[in-house]
Amino acid sequence: MSSLSARLLKRLESRQARVGTVGLGYVGLPLAVEFARSGLTSIGIDLDARKVDAIQRGESYIPDVSSAEVAALRASGRLQATTDFSVIAALDTVNVCVPTPLRKTKDPDMSYIISATEAIAEHLHPGMLVVLESTTYPGTTEELVQPLLERRGLKAGVDFFLAFSPERVDPGNRAFNTHNVPKVVGGTTPVCSELACALYATSIETVVPVSSPRVAEMVKLLENTFRAVNIGLVNEIALMCDKLGIDVWEVIDAAKTKPFGFMPFYPGPGLGGHCIPIDPFYLSWKAKQTGFEPRFIELAGQVNASMPHFVVDKIAEALNVQKKALNGSRVLIVGIAYKRDIDDIRESPALDVMGLLHQKGARLSYCDPFVPVLSGRAWAGGFDLQSETLDNASIFSDYDCVAILTDHRGVDYKGMIAGAPLIVDTRNAIKQAYPHVFRLGAPQPTHAAVWNDAPMGIGDAVVQAII
Ligand SMILES: NC(=O)c1ccc[n+]([C@@H]2O[C@H](COP(=O)([O-])OP(=O)(O)OC[C@H]3O[C@@H](n4cnc5c(N)ncnc54)[C@H](O)[C@@H]3O)[C@@H](O)[C@H]2O)c1
């Protein structure tokens, strides 16, 4: 081990190291907080001055990180944030957690990684460790990041240290967080691996070294492709069950009693978030460079992308049973975040469903306790919407149809069952059969038309009887 690497190791182990995190979003802020919590001096860098100012004020904007914790770490001096990249000159390590979206052509958009790496390269100094965490195609660290960092003459593995370690955080997950999800680490040399492992060992319960950055990059893509393909499979099974009149939710619940060889995945209105709908296409893109045509990724992508259309058809079919047209009907979308109990609407299938419903003339409102405002830029309707508040269950009766697209906890589903004339449930939030509830992947309710003809108030009586 050289004197540079020995010095960094010592600084990490003694918690004297000053560590940086570039990109303070869903991944970067929890990581910067975790480093600070372990006793390191943690400095976050982001282009977004609003995020930096919030942290400096001791406020969190990420639901998984409490403002109390940010405020305490700010007060202790162990957490700081800035928009100024020149602080990197005085840092021992930098983790890069910037976005990796897709272009419209489904090609990787590497512009964030490139601009962050170029900014780091300006202040790179001997003995520093750089770790890329953004999800990306195998080869990015060595083929793209390393040459950008080496432009000024310093050499990876000799003068500075370079590794890839995928972030595996699951926003909103109450059991697993940045601290207790094992961290896979692959350095460009054995010393790079050792130093990156030492960095994470300060703050994360389990560190899993692998032989190279490429392996670490591929690990993340295997995990996310596994999810995308299995969700695609279960969505296709749900479409089949829908045709066959079988309840897919009951099937999954029974199948998961098998103690081995089966893992439950659940159908829904489509894929969302910054990971599962996107990351497999990074792998697909890279594989195609070698002439390999990945089939599972493309097929799962097609099935998953078809789900918002299926949901719109389901809403139209449900309205039709009640002798109503989609055109002109008032539809309340419940939940627009891409998954339960979080505020993230990136790639959310709810936005696709809303765009399609709007195109067909539905009069849309939405309610999401985590997303108070929906900007017109975020969906195809093009106009701003504000979340309805559902404090009074009678509000449900104002709509021709209520469509549950995200099953947030804390929504009054009993009140919805009692008040709404028609419900389309894409998440199995309402687990029982009701005459006016159409569930994705389940048999059509048998008395739906009768329900519509029933006198007002019968809903309450039936719900009382069934719940
Ligand atoms: N969100 C997740 O659940 C999750 C989970 C695992 C992995 N990831 C991966 O982690 C990476 C980051 O995702 P995220 O959800 O945290 O994104 P995010 O959009 O929440 O945060 C990214 C942050 O980077 C900042 N940024 C962009 N360019 C920058 C630059 N050049 N310099 C400094 N800051 C810059 C943005 O302002 C933003 O605050 C992505 O590659 C994503 O695929 C995300």
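The values are calculated or read from the model by the stated rules, or taken from the named source; none is laboratory data. No experiment lies behind these values; they were computed from the predicted model shown. No Cβ is skipped: glycine too gets one built from the backbone with ideal geometry, and neighbour counts run over all protein chains shown. All accessible areas refer to the heavy atoms of the entire protein, side chains included, with ligands and DNA or RNA removed. Shrake-Rupley method; radii C 1.70, N 1.55, O 1.52, S 1.80 Å.
Could you pull out the residue among Thr93, Thr100 that is in contact with a strand residue (DSSP E or B) (Cβ under 9 Å, 6 or more places away or on another chain), away from the ligand (no atom under 14 Å from the Cβ) and open to solvent by less than 50 Å² (accessible area, probe 1.4 Å)?
Thr93
Within the range 237-246, is there a residue that is within 16 Å of the ligand (Cβ to nearest atom) and either open to solvent by less than 70 Å² (accessible area, probe 1.4 Å) or outside any loop (DSSP other than H, G, I, E, B) (or both)?
Checked the range 237-246: no residue is within 16 Å of the ligand (Cβ to nearest atom) and either open to solvent by less than 70 Å² (accessible area, probe 1.4 Å) or outside any loop (DSSP other than H, G, I, E, B) (or both).
Condition check: charged (D, E, K, R), within 16 Å of the ligand (Cβ to nearest atom) and touching a residue at least 12 places away in the same chain (Cβ under 8 Å). Does Arg174 satisfy that?
It is false that Arg174 is charged (D, E, K, R), within 16 Å of the ligand (Cβ to nearest atom) and touching a residue at least 12 places away in the same chain (Cβ under 8 Å).
Surrounded by 24 or more Cβ atoms within 10 Å (Cβ to Cβ), modelled with pLDDT of 95 or more and on the phi > 0 side of the Ramachandran plot: does that describe Gly335?
Against the criterion (surrounded by 24 or more Cβ atoms within 10 Å (Cβ to Cβ), modelled with pLDDT of 95 or more and on the phi > 0 side of the Ramachandran plot), Gly335 qualifies.
Taking the residues in the range 22-41 that are touching a Cys at 6+ places or on another chain (Cβ under 8 Å) and under 16 Å from Arg168 (Cα atoms) as candidates, determine which candidate is farthest from the ligand (Cβ to nearest atom).
My answer is Leu31.
Please state which one of Tyr266, Tyr282 is of a type in the set (Phe, Trp, Tyr), out of contact with any Leu (no Cβ under 6 Å at 6 or more places or on another chain) and surrounded by 23 or more Cβ atoms within 10 Å (Cβ to Cβ).
Tyr282
Checking the structure you have, find out if any residue of the range 67-74 is closer than 30 Å to Trp285 by Cβ and either touching a residue at least 24 places away in the same chain (Cβ under 8 Å) or in a helix (DSSP H, G or I) (or both).
no
Just to be sure, is Val191 in contact (Cβ under 8 Å) with a residue 24 or more places away in the chain, over 22 Å from Thr41 (Cβ atoms) and open to solvent by 10 Å² or more (accessible area, probe 1.4 Å)?
yes
I want to confirm something. Restricting to the range 167-188 and keeping residues that are small (Gly, Ala, Ser) and open to solvent by less than 20 Å² (accessible area, probe 1.4 Å), which single residue is farthest from His125 (Cα to Cα)?
Gly186
Tally the residues that are in a loop (DSSP other than H, G, I, E, B), modelled with pLDDT of 95 or more and surrounded by fewer than 22 Cβ atoms within 10 Å (Cβ to Cβ), restricting the search to the range 128-166.
8
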